[in-house]
Amino acid sequence: MIRAVLAECPVCHKKQAARNRLCECGEDLLKAKKSKRVRFWINYRLPGDKQKREHVGFSIEEAKDAEGKRRSQKRENRIFDIKPDAKMTFNELSKWYLDLERVKSRAYYSTLKINLDSFLAEFENFIVGQIKSADLENYQVKRKAAGYSDSYIDQEIGAARTMINKAFDNDLVGGDVLRTFKRVKRLLKRNANARDRIITPEQFRDLMGKLPRHTRAIVATAFYTGMRRGEILSLTWDKVDLKNRLIKLNAQDTKDGEPRKIPICDELYLILRSIPMPIHDDHVFLYRGKPVKDIRTALARSCRDIGLEYGRVNTEGFVFHDLRHTFNTLMRKAGVAESVIMSITGHSTREMFDRYNTIDEEDTRLALSKFQGLLKSVDQNVDQMGLQQ
């Protein structure tokens, strides 16, 4: 038997009959109801005998009224009026999602918005509850035909999927929509997009000579610290300790949600010290008094000026994120312990570190040289043993 109205315990969050006075965990539900700490839910059936559970507030009277309304809608064959996603468009849902304070506080917010904007260009006025797996698969095909990479297309759908997950947690979309997004397979297999593109110190110097003034410090910060683009563009002066030469990121500033301290080398220290302190905005990197949001256009133009391929379409193309690969690789070549590098860059697992640590021709030649040296040493030992006999 399905209970129409349920009460949620404020302590253990178990949903149970609204008439219960005491929860199994020992909480006094009667007192909790009087103090408006008990959330009420209603259960009802959708077409196809699917069960729906909906949160309706902290009043038993409101819950009973809502349950009666749902029964009336079902009798009048207006059951789909119940589901928010039956009328909501993806544009409306995205406005709700992007306005959440927790979402806006994330370091990757600007990237998330860019990916969602691309998705909305196709599905802006599409009713959320009517989306099918075939619609998303068709979108993948269209974007691929337009020349976009598998990883970029996966990022676009991944941003929409993240939004749907959040909406489901807040009872704005049903399980059908959630399953639709989960059924769509990624175009790129796990770790298949691990790039091995790095730039040499010489290429970095050439690039710095061509970049516009307001982008040089941003690129230099990436090259000398391995920080992510979102971490750099959102960096504020209160996190830059020039006296002790450290950049101190809080948990909410990083992708993995872990705080970390990043040392500032001599070259970066001089660059950061030369930046004028802002008057009206605390962001480190400003352009005409406003925080820099994106530098891809300037970076692409500067790469072209020095003859460096740019963009993910070409496998040899350079993109901003490759500066993170470069930092990891150069640090490893300099003999820095892997655990220290991981601490600086925020790689929580060895698997992720390996993705950003590139083994190039110089490494393989050095390895061969060491191998040949070992063989010569073995041969000499053998010869000496023969002479001794």
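Taking other C-beta atoms within 10 angstrom as a stand-in for reagent exposure, Ile341, Ile279 fall in the order Ile279, Ile341, fewest first. Neighbour counts of other Cβ atoms within 10 Å put Ser35, Ser59 in the fewest-to-most order Ser35, Ser59. Ordering Cys12, Cys303 by the number of other Cβ atoms within 10 Å of each residue's own Cβ, fewest first, gives Cys12, Cys303. Net length available on complete extension from Trp96 to Ser35 is 19.0 nm, with 0.36 nm assigned per residue and the Cα-Cα distance removed. Take the Cα of Lys210, go 7 Å toward its beta carbon, and the backbone nitrogen atoms of the stretch 295-309 under 15 Å from that spot belong to 296-309. By the rule of a C-alpha distance below 17 Å, with chain neighbours fewer than 8 residues away ignored, the lysines paired with Lys243 are Lys261.
Just so you know, all these numbers are worked out from the coordinates, no wet-lab data involved. Since the structure is predicted, the reported quantities are computational estimates derived from the model, not experimental observations. Because the Cβ atoms are built from the backbone with ideal geometry, glycine has one as well, and the counts that use them run over all protein chains shown.
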